[in-house]
Structure formats: structure tokens, C-alpha cells
1. Looking at segment 296-309, is at least one residue without any contact (Cβ under 8 Å) to a residue 40 or more places away in the chain, in a helix (DSSP H, G or I) and touching a Ser or Thr at 6+ places or on another chain (Cβ under 7 Å)?
2. State all residues of segment 102-125 that are free of Cβ contacts under 8 Å to residues at least 40 places away in the same chain and either touching a Lys or Arg at 6+ places or on another chain (Cβ under 8 Å) or of a type in the set (Gly, Ala, Ser) (or both); if no residue qualifies, say none.
3. How many residues are surrounded by fewer than 15 Cβ atoms within 10 Å (Cβ to Cβ) and more than 16 Å from ligand 1 (Cβ to nearest atom) if we restrict to segment 205-242?
4. Identify the single condition in (1) surrounded by fewer than 24 Cβ atoms within 10 Å (Cβ to Cβ); (2) more than 13 Å from ligand 1 (Cβ to nearest atom) that Pro181 does not satisfy, given that it satisfies every other one.
5. Of (1) closer than 24 Å to Pro26 by Cα; (2) in a helix (DSSP H, G or I); (3) within 12 Å of ligand 1 (Cβ to nearest atom), Tyr119 satisfies all except one. Which?
6. Looking at (1) more than 21 Å from Leu60 (Cα to Cα); (2) touching an Asp or Glu at 6+ places or on another chain (Cβ under 9 Å), which one does Leu138 not meet, given that it meets all the others?
7. Of the residues Leu138, Leu84, which is within 16 Å of ligand 2 (Cβ to nearest atom) and within 16 Å of Lys157 (Cβ to Cβ)?
Amino acid sequence: MTSSDDALTTLPVSLGERSYPIHIGPGLLGDPQWLAPHLAGRQVMVVTNDRVAPLYLEALKQGLSDDLDVREVILPDGEATKSLASVERIWDALLAAGFNRRCTLIALGGGVIGDMAGYAAASYQRGVAFIQVPTTLLAQVDSSVGGKTGVNHPRGKNMIGAFWQPRAVLIDTETLTTLPPRELSAGLAEVIKYGLIRDSDFLAWLEASMAMLRGLDTATLTLAIERSCRLKAEIVAEDETEQNVRALLNLGHTFGHAIETHQGYGQWLHGEAVGAGMLMASELSHRLGWLDASDVARVRHLLEAADLPLAAPGDMRAEDFLALMRLDKKNLDDRLRLILLRRLGDACVHEATPPEMLVRLLEEFPRA
Ligand code: NAD
Ligand code: GLY
């Protein structure tokens, strides 16, 4: 795989009048040329958390000119804070600052911050501008692109939310240098997802490149981010509100969301749960006669190379999975809709999995 020679790549997300750029490159944070064109007015609220703020808040602010009214909300770190109560803190800060409909929210952090800040922007005064500045691999390759915003409900992941597109996505690849290895692996799960659902060449490239990716090789990581963002942008442009093809981005998520909800938000990382979920979906696809055993072995090896879990939580019974999977947003008219693989690189929405086959898989899948 090759990239442009320039250090910076810009990819479009083509959504008519709501189209926006994804800028990818090292050291973008703090360079005024990237944020300024996308600000709606003079009022700027940076939303971040107490882990990312000490690392990157000052650098971000250097990219905002002195004549702007810049405020900040610093939320506690963690998936457990992805709640309506946190969004209320953002609304409170906006109101206390007297911010109007021409304000701009900037989400600085991982997917938790991006989803919450996006939802606050979608709902404040019926919708204001926001910019995504993702700082985890997962957020850079997935959650910052495509406008899904929202929070968790104690009964289900991401159950409250809205589609609200950012004005721009600014990916500073240097932020990955401070990311803990476990978080890097969680992001790699979503990168692997793109190969599995839509791009078998990319999958083969990932198999060959996993050691470089885990070693934080900048050029290799940048290629993976670019290819992932390109694939996501294509899918979002085709189906912004998930009426059809966008559902494929949920490979592994029906199983994964069940794990996250059952374990309590934050115990398993989202990407870890998706990784185990993708292996479950691959195994089910094999039982349906679509994937060969060797295909499932390839998926297992790649997840293992990315240091992702290959087993479900030990305390989760098949009935726990089923109860939570029934709540999945993809289900229509009480039918369980799963994203499965017809081949590696070719996913589909499947509504006709025989219930007894699913139950057996859930019973037999390895437990940690
Ligand atoms: P996260 O936001 O919790 O970030 C992971 C951890 O890394 C946090 O502790 C964070 O503070 C820290 N961190 C962030 N950037 C860092 C950096 N550069 N250096 C050091 N530490 C850093 O988790 P995540 O994996 O980024 O995102 C997961 C969330 O994204 C989940 O809530 C999931 O539901 C959501 N998601 C949303 C979409 C979407 O389309 N909107 C897609 C996928 C996932
Ligand atoms: N991560 C799923 C989506 O954006 O649709």
C-alpha cells in the first residue's frame, strides 16, 4: 500500500452540503490553519477529559487565535462517564458561558469524548458546529468519522444519540505516541474490521504489517489510518443514517456490545469486545457454511497478533448474551440481525441464523 508523498493527507466525506474533510498527518494539533476555517463564530468550547487535557489541551489551544473566546470542559476519563449526566455538564458550561448558536465545540480525545461532545453539539440550541480531534487509534479510524453521536444507557450501549456530522476531522498521528498498548490494540480491532467487511487486500496487508503497527511505526500506522478512513468515508457517503450498507460497520458489535453492557462499561474496552465479537461472528459464519475453518483461523491469528481477546468473559452465559443481543439497535420487528461474513472481505446483514445454531455457538465459544 502506498500513500501520497506529502506528510499530510486530506480525504473527503461526501455528504452534499454537510461534506467535510478528514486531515491526517503528524503535528496538525496546534497549527491554526486546520481549525480556523471550520469555526462557526468566535465562541469555542473544547471538550476533553482529565487524561488527555494534560497531554494535548495546550497544544490544541495554540491552534486557536487570541481573538476567540475559548472555554473548556474537562470531564472525568472513562467509558463510565459516557452518560447523559456528562452531556448535561457540557450544556451547563455552554449556557454559563452564554454561548449562542454560532459557537463551535471541539472534541479532543478518544471515542468517548467524541461521541459525547458530538451529542452535546447536536442538541445544544437544536444543533451547533463541532470539530473532531481524535487522539486514540479507535477514534481516528472510526468514531470521529460519520456523525454517530451519543451516550450509553445503563440498559444498553449507545442507546441515546443522534446523527450529527462534524465540520472537520483533524487527525494528528503524533498523538498515538502516548497511547497505552492496550488502547492501541483496541483501535486495531476496528482497523481489522474494515479488512474483514470490505477489503481483503487490506486484510492481507494487515497480516503482514501487524508487528510494525504494534511497534508504532509512523508510516505504517498512517497508511492504516488513511485506508480505514477512506473505507469509512465511502460507506458513510453511501448510507449516512444506516439504512443498509453502514450496518456492516457493526461486525462483531452485537456480541461486543453485549459483553460491554454485561461487564459494566469500561471493564472490557470497546475494541476488545468488538475483537472477541468478530471472532464469534466469524465462527458463526463458518457454521453457516460460508467461511472455511482456515478463514476462521486467519481471523483468530490476526486478532491474536493484535493482542486482542480470543475468548468471551468467563461469567457470561449464553442466556446473558441473548438477552442483551435482543436489545441491539439493528434488530427490527423482533428479528435478530447479525453482521456475518460470506467471505473474508465480504460482509452481509443476516436475519435468518437458526436460533439453535446461535445458542450452540454462544455455549461453545471459549471463555476466559
Ligand atoms: P476512550 O475515549 O475511552 O479512550 C481510551 C483511553 O485513552 C481513555 O482513557 C482516554 O482518556 C485515553 N486517551 C485518549 N487519547 C490518548 C492519547 N493520545 N494518549 C494517551 N491516552 C489517551 O475510548 P476509545 O477507544 O477511543 O473509544 C471508545 C468509544 O467510542 C466507545 O464508547 C464506543 O462506543 C465509541 N465508538 C463510537 C463510534 C461512532 O461511530 N461514533 C464508533 C466506534 C466506537
Ligand atoms: N462504528 C459504526 C458506524 O459508524 O456506523
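1. Checked against the condition, which is being without any contact (Cβ under 8 Å) to a residue 40 or more places away in the chain, in a helix (DSSP H, G or I) and touching a Ser or Thr at 6+ places or on another chain (Cβ under 7 Å), segment 296-309 yields at least one hit.
2. Gly114, Ser123, Gln125
3. 6
4. (2)
5. Result: Tyr119 fails condition (1) only.
6. Of everything listed in (1) more than 21 Å from Leu60 (Cα to Cα); (2) touching an Asp or Glu at 6+ places or on another chain (Cβ under 9 Å), Leu138 misses just condition (1).
7. That would be Leu138, the only listed residue that is within 16 Å of ligand 2 (Cβ to nearest atom) and within 16 Å of Lys157 (Cβ to Cβ).
Condition check ((1) in a helix (DSSP H, G or I); (2) surrounded by 15 or more Cβ atoms within 10 Å (Cβ to Cβ); (3) at positive phi) across all residues:
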| residue | (1), (2), (3) |
| --- | --- |
| Glu17 | yes, no, no |
| Trp34 | yes, yes, no |
| Val44 | no, yes, no |
| Ala59 | yes, yes, no |
| Asp77 | no, yes, no |
| Leu105 | no, yes, no |
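We did not get these values from a lab; they are worked out from the coordinates using the rules stated. What you see is a predicted model; the values in this text were computed from it and never measured. With ideal geometry, Cβ positions are generated from the backbone for all residues, glycine too; neighbour counts draw on all protein chains shown.
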